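Student: Below is one structure. I have some questions about it.
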Amino acid sequence: MLRDDDPPARQIEKLTRINQVLIDRIDRLEESRGSAWSMFQAAVALEQEVLARTRDLERAMADLSQRNRELAVARAAAEEANRSKTRFLRAASHDLLQPLSAARLFLSALADTRMDEHQAELTDRLGSAFESVEQLMHAVLDISRLDSQRIEFNRQPVALDDLFRRLAAEFAPLAEAKGLRLTFMPTGNVVESDPIFLRRIAQNLVSNAIKYTQRGGVAVGARRRGGMCWLCVYDTGVGIPAVDRNRIFDEFQRLSSDAATPGMGLGLSIVRRACAKLGHPLSLNSEAMRGTAFRVGLPLIDGGPDPALRTVDVAMLALRGRVALVVENDSDMRRGYEMILRDRLGMVPRIAGDTAEALATMGEEPPDVILADYHLENGETGFAAVEALRAASDRPVPAVMITAHRDPAIARVCAAMDVHLLEKPVRPTELADMLGRLMA
């Protein structure tokens, strides 16, 4: 504070200090105001940046929503195309397999006749050609079904001994032609699986083993381990190198490029897909030049096999003189059945094209067995024919439903009606085996 009695120099010094303090205070105020202004400017800039980024995010979200809608439409179109493909293959399978099945029956009847060496060779080559076509068609249909998201399985008890007998009848000629021993170990195990797909799994494993085995043999059996029953297929083939053990399960993959080895490289792909869909563990062990072992884990059903599932060797059964009533709308198939049943099995065939004709053909004496095609004329099915024929009989008549439609619904109805199921193309040996078991 200035005082009047202070000397001028003292007053000047005090004024100088006061001015300096005021200047410093003003500078601080300016700095503070400048900092606040900078913060204000930064806040405005940040807000503008947030708005810009928000607009970019909204545009990105709108674009993502559009892409999701496009993907949903594309996925729906793909699923519909896949369902359409499956429906087409299912519908076409009957028309495709019908003439093939008739041709197989005729070829089998031809093989039973007396032929010279050249004719026998031609017959064998025709049989091999039909076998290749049949395998390819089965593979395409199986892959189509296994790729379907809506596939249904008909899980039920399956007696492995019954399965082994059917496989033995099917593959014995192929193994014999290569000079191989084909052995099926007796078993009383009953497992839970889809009988059609389990048979396809076993067929592909046995077929693959025979193809790649040149000396020795193939053995098929079942072993209990870890609370499961393992279906095992052993061979003494060349083995599978470690680098190829994943590749062989892909489509169109073969170990050998030798044209003499038949096959399209689809069998093991079907095995892997079917096992994955059914939840059956699949394992592979192999040793170079010593052989290969495939194992499929199956849920075990305790209590042993159902007596109704036991089989008896067809050779021990007297089919001769038994009456078989066939309901089939295709004329070639009717003729083929007639030749096989009469000439090879010694049965008495009665042939009809529909239910009405079958009832008229039956007369008062019911047949010993009914063979009905699933797909008849005018929307009629073989189930209706079997029901009508059983109703007109004075006793329950064993029946076999023959179909090219691999539909679990058909298998469920067959099980409910106590009707056995046989897939096309019909193999005469398999037909004989099934009829023999039914007659027992």
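Student: Any idea which residue in the stretch 387-425 is nearest to ASP330 (Cα to Cα), counting only those that are of a type in the set (A, V, I, L, M) and in contact with a Gly (Cβ under 8 Å, 6 or more places away or on another chain)?
Tutor: Here the answer is ILE402.
Student: Restricting to the stretch 171-199, and then to whatever is part of a helix (DSSP H, G or I) and of a type in the set (A, V, I, L, M, F, W, C), can you tell me which residue is nearest to CYS232 (Cα to Cα)?
Tutor: It comes out as LEU198.
Student: Name the single residue that is nearest to LEU341 (Cα to Cα) among those in the stretch 360-383 being in a helix (DSSP H, G or I) and modelled with pLDDT of 90 or more.
Tutor: GLY382
Student: Mind telling me which of the residues VAL426, VAL413, VAL386, VAL400 ends up being in a loop (DSSP other than H, G, I, E, B), of a type in the set (A, V, I, L, M, F, W, C) and closer than 27 Å to PHE153 by Cβ?
Tutor: VAL426
Student: Just one of SER108, SER93 is surrounded by 19 or more Cβ atoms within 10 Å (Cβ to Cβ) and at pLDDT below 75; which is it?
Tutor: Exactly one residue qualifies, and that residue is SER93.
Student: Could I ask something else about it? Is there any pair with a first residue in the stretch 258-287 that is charged (D, E, K, R) and a second that is at pLDDT 90 or above whose Cβ atoms are under 8 Å apart and which are 6 or more apart or on different chains, and what are they?
Tutor: Between residues of the stretch 258-287 that are charged (D, E, K, R) and residues that are at pLDDT 90 or above, the close pairs are ARG272/LEU282.
Student: Going through ALA168, ALA202 one at a time, which residue ends up being modelled with pLDDT of 80 or more, part of a helix (DSSP H, G or I) and crowded, with 21+ Cβ neighbours inside 10 Å?
Tutor: ALA202
Student: Right, here's the next one. Would you call VAL158 among the β-branched types (Val, Ile, Thr) and closer than 21 Å to GLU423 by Cβ?
Tutor: Taking the combined requirement at face value, the residue satisfies it.
Student: Name every residue in the stretch 206-244 that is in contact with a Cys (Cβ under 9 Å, 6 or more places away or on another chain) and of a type in the set (A, V, I, L, M, F, W, C), in order of residue number.
Tutor: Answer for the stretch 206-244, where residues must be in contact with a Cys (Cβ under 9 Å, 6 or more places away or on another chain) and of a type in the set (A, V, I, L, M, F, W, C): ALA219, VAL220, ALA222.
Student: Now a separate question. Output the residues belonging to the stretch 188-198 that are modelled with pLDDT of 90 or more and not hydrophobic (A, V, I, L, M, F, W, C).
Tutor: ASN189, GLU192, SER193
Student: In addition: Out of all the residues in the stretch 362-395, which are of a type in the set (D, E, K, R) and crowded, with 21+ Cβ neighbours inside 10 Å?
Tutor: ASP373
Student: Report the residue count in the stretch 212-244 for those that are hydrophobic (A, V, I, L, M, F, W, C), closer than 23 Å to ALA288 by Cβ and touching a Phe, Trp or Tyr at 6+ places or on another chain (Cβ under 8 Å).
Tutor: The qualifying residues number 6.
Student: I would also like to ask the following. Taking the condition of being part of a loop (DSSP other than H, G, I, E, B) and in contact with a Gly (Cβ under 8 Å, 6 or more places away or on another chain), how many residues in the stretch 227-248 meet it?
Tutor: Summing the residues that are part of a loop (DSSP other than H, G, I, E, B) and in contact with a Gly (Cβ under 8 Å, 6 or more places away or on another chain) in the stretch 227-248 gives 3.
The values are calculated or read from the model by the stated rules, or taken from the named source; none is laboratory data. If you're wondering where the values come from, they're calculated on a predicted model, not measured in any experiment. Methodologically, a virtual Cβ is constructed for each residue, glycine included, from the backbone with ideal geometry; neighbour enumeration extends over all protein chains shown.
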